[in-house]
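Visitor: Let me give you the structure first, and then I'll get to my questions.
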Number of protein chains: 2
Amino acid sequence: MTATYTISELASTYGVSTRTIRYYEEIGLIKPERNASGHRYFTKKEKTQLQLIFRGKKYGFHLEEIKEMIRLFDEDPTGREQLKRTIEYGEGKISEVTKRIEELQAMKDEMNHLMNEFQKELNQLEEE
Amino acid sequence: MTATYTISELASTYGVSTRTIRYYEEIGLIKPERNASGHRYFTKKEKTQLQLIFRGKKYGFHLEEIKEMIRLFDEDPTGREQLKRTIEYGEGKISEVTKRIEELQAMKDEMNHLMNEFQKELNQLEEE
DNA sequence: GTTGAACTTAACGTTAACGTAAATGCTACA
DNA sequence: TGTAGCATTTACGTTAACGTTAAGTTCAAC
């Protein structure tokens, strides 16, 4: 089994261009294998990594930051020291994400507050 | 009272360049007043708008999207129809933000999970 | 009243993240 | 087996969001 995909299959799956996926390889985000004649083929691994990329982008991470995160999810670090460093790095990333969540929440609260004000105004107008 | 600020004061306050602030005026995000000789001065209003801009940027909104949000927070819409439209637009933005929060949370959970795995591995290594 | 720091506009430069075009090679199928 | 529709690399183009001169003006302090 272990299905493989062509570049245009994945591109249409994720609604991006093939150029985009090639670019991600260009800058080292993914490293798809090639067949004898040089055509890329993608496996489950690359699919997962692409998902991480698109997610990360949505949250405003740069591709370079995402690259670090891919490395984090990819290399399983054996050895005490490597494990410790990885955990430390991961904790840092997690608190970044946590902070973003909190700030986004603050923004949402602010917007909700404003909308409530507007709603009140509207109610005033409607009930007369 | 009603304190005013120069461009460099605000720039240093928010840790950006004066060029950045001028650029935001250039594309219509803010419209600071000018004194007799053409120098910009900024009030509470512009400070608030700048905060919104920097926040929005952190969350991955483009300046054009932020422009819309500033308009939302700025123009207080009088009149039933305008109020309704504004509320509708605002609700849309709020659900966008909500969605981002949820996805970020999913990402955080995933990262936490991975870190737990690593931590387990580390514990195995340490306790032998 | 001069000097240096801070202001102004104008315009060209830069980087990330692709888009697009050209020239060429592979692959599937009628 | 030919050809339509995929793939490949190379390389230049584009857009957003500023950075960076340059050349001149104004403010603040002495």
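The values are calculated or read from the model by the stated rules, or taken from the named source; none is laboratory data. Just so it is clear, the model here is predicted, and its values are computed rather than measured. Here Cβ is always computed from backbone atoms with ideal geometry, including for glycine, and neighbour counts include all displayed protein chains. Accessible surface is based on the protein model in full, side chains and every heavy atom, while ligands, DNA and RNA are left aside. Shrake-Rupley method; radii C 1.70, N 1.55, O 1.52, S 1.80 Å.
Visitor: What is the distance, in nm, between label points placed 7 Å from the Cα along the Cα-to-Cβ direction at residue B:44 and at residue B:25?
Guide: 2.2
Visitor: Using alpha-carbon positions, what is the distance between the centroids of the range A:1-28 and the range A:96-128, in Å?
Guide: Taking the Cα centre of the range A:96-128 as reference, the centre of the range A:1-28 is 39 Å away.
Visitor: Ok, one more. Anyone know which of B:107, B:115, B:69 comes out most mobile in the 10 Å Cα GNM of chain B?
Guide: For chain B, modelled as a Gaussian network with Cα springs under 10 Å, the answer is B:115.
Visitor: Follow-up question, since we're still on this one. How long is chain B along each principal axis, judged by its Cα atoms, biggest number first, in Å?
Guide: Taking the Cα atoms of chain B, the three principal extents are 77, 41, 28 Å.
Visitor: Name the chain A residue nearest the rotation axis between A and B, going by Cβ position, and give the distance in whole Å.
Guide: Chain A residue with minimal Cβ-axis distance: A:60, 1.
Visitor: How far is helix A:44-58 tilted off the main Cα axis of chain A, in degrees rounded to 10, range 0 to 90?
Guide: Approximately 30 degrees, to the nearest ten.
Visitor: Put a point 7 Å out from Cα along the line to Cβ at residue A:17; what are the distances to that point in the other copies, in nm, shortest first?
Guide: 2.8
Visitor: Which distances in nm, rounded to one decimal and ordered from shortest, link the label point of residue B:47 to the equivalent label points in the other identical copies, with labels set 7 Å from Cα toward Cβ?
Guide: Copy-to-copy label distances at residue B:47, shortest first: 5.3 nm.
Visitor: Would you mind working out the accessible area per residue for the range B:85-128, using a 1.4 Å probe, and quoting it in Å²? Write out the running numbers ahead of the final one.
Guide: Details: 2700 Å² over 44 residues.
Value for the range B:85-128: 61 Å² per residue.
Visitor: When only alpha-carbon atoms are used, what values of Rg and Dmax, in angstrom, describe the protein assembly as shown?
Guide: 23.8, 77
Visitor: Under the rule of -39500 (n - 2.57) per DSSP H run of 4 or more residues, summed and divided by the residues of chain B, what mean residue ellipticity at 222 nm is obtained, to the nearest 500 deg cm²/dmol? Kindly include the intermediate steps, with their values, before the conclusion.
Guide: On the way: 5 runs with 91 residues, N = 128.
Taking each H run of at least 4 residues, the total per residue is -24000 deg cm²/dmol.
Visitor: Rank A:12, A:37, A:95 by mean-square fluctuation in a GNM of chain A with C-alpha springs under 10 angstrom and give only the top-ranked residue.
Guide: A:37
Visitor: Chain pair A, B: how much accessible area is buried, both chains summed, with a 1.4 Å probe, in Å² to 100? Before the final figure, lay out the partial values.
Guide: Details: alone 10020 and 10000 Å², together 15680 Å².
Between A and B, the summed buried area is about 4300 Å².
Visitor: Ok, one more. Work out from phi, with θ = phi - 60° and the Karplus expression 6.51 cos²θ - 1.76 cosθ + 1.60, the ³J(HN,Hα) of each residue of the range B:18-24, listed in order in whole Hz, and give x for Gly and Pro.
Guide: 5, 4, 4, 5, 4, 4, 5
Visitor: If you don't mind, there's one more thing I want to ask. Placing a label point 7 Å from Cα toward Cβ, how far apart in nm is residue A:76 from its equivalents in the other copies, listed shortest first to one decimal?
Guide: Relative to the other copies, residue A:76 has label-point distances of 6.0 nm.
Visitor: If you don't mind, there's one more thing I want to ask. Using a 1.4 Å probe on the protein heavy atoms, what percent of the accessible area of chain B belongs to carbon and sulfur?
Guide: Ligands and nucleic acids excluded, carbon and sulfur reach 48 percent.
Visitor: Grab the beta carbon distance between residue B:106 and residue B:82, set R0 = 35 Å, and tell me the FRET efficiency rounded to 0.05. Intermediate values should be presented prior to the final figure.
Guide: Details: r = 37 Å, r/R0 = 1.05.
So, using R0 = 35 Å, E works out to roughly 0.45.
Visitor: Give the residue list of GluC sites (Glu not before Pro) in the range B:1-106 that are DSSP loop and have at most 13 other beta-carbon atoms within 10 angstrom. If you can, show how the numbers build up before the last one.
Guide: On the way: sites: B:9, B:25, B:26, B:33, B:46, B:64, B:65, B:68, B:75, B:81, B:88, B:91, B:96, B:102, B:103; in loops: B:75.
Sparse-neighbourhood loop GluC sites (Glu not before Pro): B:75.
Visitor: Follow-up. Can you tell which of A:37, A:122, B:97 lies farthest toward the positive end of the dipole of the protein assembly as shown, using +1 and -1 charges on the Cβ of basic and acidic side chains (Lys, Arg; Asp, Glu)?
Guide: A:37
Visitor: Please check: in the Gaussian network model of chain A (C-alpha springs, under 10 Å), which one of A:48, A:78, A:86 has the largest mean-square fluctuation.
Guide: Of the options given, A:78 has the highest mean-square fluctuation.
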